[in-house]
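The values are calculated or read from the model by the stated rules, or taken from the named source; none is laboratory data. Just so it is clear, the model here is predicted, and its values are computed rather than measured. As a convention, Cβ positions derive from the backbone with ideal geometry for all residues, glycine included, and neighbour counts pool all protein chains shown.
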Amino acid sequence: MATQRRTTSLLGDKLAQRGLLLMLPTLTLMAVLLVIPLILMVITSFGGRDPDGNVLYTFSLQNYLRLAGITDKGFDSLYLEILWKSVVLAFQTTILVIIIAFPIAYFVARAPQRHRNFLLFLILVPLWTNFVIRIYAWIMILRNQGVLNGILGWLAGLAGIPFTPFDLYPSDGAVLVGMVYEFLPFMILPIYTSLEKIDESLFEAAADLGANVFNTFRRITLPLAVPGMVAGTILVFVPVMGTFIVSDILGGRQVVLVGNLIQRQFLDARDPAFGSAASLILMVMTLIITVFYTRRFGFGDEISVA
């Protein structure tokens, strides 16, 4: 019996060593590309800058105090407002994406099997085009002399109604539209995956028990779609918090989010220490919100039907 236990223990140790060897390339890559840059960013965030934009490696909380609005001249809420605006925009984008993505995902999931691949192909086609080109396309749609105002003006002319072009670009609304458009597929696909797995017998059982369409949706479809919505929320909320291209282009550099703040500190202001501090604050904020959300709803875990 003791010999069998020793044999089992040695076999387990060998399997653990093999597993470690298999993981070693990935762990090394993560250390080089993730852990080391993160440590350098933390160190830089406590430093300063000289007149030439070089980092002064001193320990100071000045960058974090500046982000909190505490300056030598008194309280300045500029950066707190930028952080808050970024969080609000991320929530708005996520909610709108869920509202738009759910019926699309439901339609695809309930479509005949032979049509689903084609419908998914249509959803993914925009992703084959360059990200920036797709954003610039929205400028052509939303500007004063763009497609949308042109169509509205034509309809108003037919009805004999005076029409003044809407000032849609650049604006916060244009940024929100661009965010929703860019990240919509990342919500559709996880929700579709959850809906596609629902057993047809559940709907039949609900009908046999006298449940109407609303109750069937509330008690079966929606709970079983929650894992997909949770996964999609993470795929949408986290990138929106840090992106800067959409707000730069559709906001005309007038809409400043935390991603824009970080980008401009590194490229324009040449203050990498402050940019690193803002990056860490963004990462911590995103992590806290994500952890709270996943603890509340689960990380895409399957939910039983009540």
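Looking at region 90-117 only, could you name the residues that are within 16 Å of Gly228 (Cα to Cα), among the aliphatic types (A, V, I, L, M) and touching a Ser or Thr at 6+ places or on another chain (Cβ under 9 Å)? Those that are within 16 Å of Gly228 (Cα to Cα), among the aliphatic types (A, V, I, L, M) and touching a Ser or Thr at 6+ places or on another chain (Cβ under 9 Å): Val97, Ile98, Ala105, Ala109. Inspect all residues belonging to region 94-103 and state whether any of them is small (Gly, Ala, Ser), under 17 Å from Leu261 (Cβ atoms) and surrounded by 17 or more Cβ atoms within 10 Å (Cβ to Cβ). No, region 94-103 contains no residue that is small (Gly, Ala, Ser), under 17 Å from Leu261 (Cβ atoms) and surrounded by 17 or more Cβ atoms within 10 Å (Cβ to Cβ).
Listed conditions (1) assigned to a helix (DSSP H, G or I); (2) without any contact (Cβ under 8 Å) to a residue 40 or more places away in the chain are all met by Ala211, apart from (1). Assigned to a helix (DSSP H, G or I), under 23 Å from the mean Cα position of the chain (by Cα), touching a residue at least 12 places away in the same chain (Cβ under 8 Å) and within 29 Å of Lys85 (Cα to Cα): does that describe Leu189? It is true that Leu189 is assigned to a helix (DSSP H, G or I), under 23 Å from the mean Cα position of the chain (by Cα), touching a residue at least 12 places away in the same chain (Cβ under 8 Å) and within 29 Å of Lys85 (Cα to Cα).
Which condition number in (1) in a helix (DSSP H, G or I); (2) touching a residue at least 24 places away in the same chain (Cβ under 8 Å); (3) in contact with a helix residue (DSSP H, G or I) (Cβ under 6 Å, 6 or more places away or on another chain) is the one that Val226 fails? So the condition that Val226 fails would be (3). Criterion first (in a helix (DSSP H, G or I), closer than 22 Å to Val255 by Cα and without any contact (Cβ under 8 Å) to a residue 60 or more places away in the chain) does Arg114 satisfy it? Spelling it out, it is not the case that Arg114 is in a helix (DSSP H, G or I), closer than 22 Å to Val255 by Cα and without any contact (Cβ under 8 Å) to a residue 60 or more places away in the chain. When you look at Val87, is it surrounded by 13 or more Cβ atoms within 10 Å (Cβ to Cβ) and β-branched (Val, Ile, Thr), yes or no? Against the criterion (surrounded by 13 or more Cβ atoms within 10 Å (Cβ to Cβ) and β-branched (Val, Ile, Thr)), Val87 qualifies. Residue check: is Gly160 over 28 Å from Pro126 (Cα atoms) and of a type in the set (Gly, Ala, Ser)? For Gly160, the condition - over 28 Å from Pro126 (Cα atoms) and of a type in the set (Gly, Ala, Ser) - is met.
Selection of region 225-257 for residues being at pLDDT below 90, closer than 18 Å to Tyr181 by Cβ and among the polar types (S, T, N, Q) yields only Thr243.
Each residue in region 161-175 was checked for being surrounded by fewer than 20 Cβ atoms within 10 Å (Cβ to Cβ) and not charged (D, E, K, R), and 9 pass. The set of residues from region 107-128 being surrounded by 13 or more Cβ atoms within 10 Å (Cβ to Cβ) and either under 21 Å from the mean Cα position of the chain (by Cα) or under 26 Å from Ser247 (Cβ atoms) (or both) comprises Leu120, Ile123, Pro126. With respect to being surrounded by fewer than 16 Cβ atoms within 10 Å (Cβ to Cβ), assigned to a helix (DSSP H, G or I), without any contact (Cβ under 8 Å) to a residue 24 or more places away in the chain and in contact with a helix residue (DSSP H, G or I) (Cβ under 8 Å, 6 or more places away or on another chain), Leu80 fits the description.
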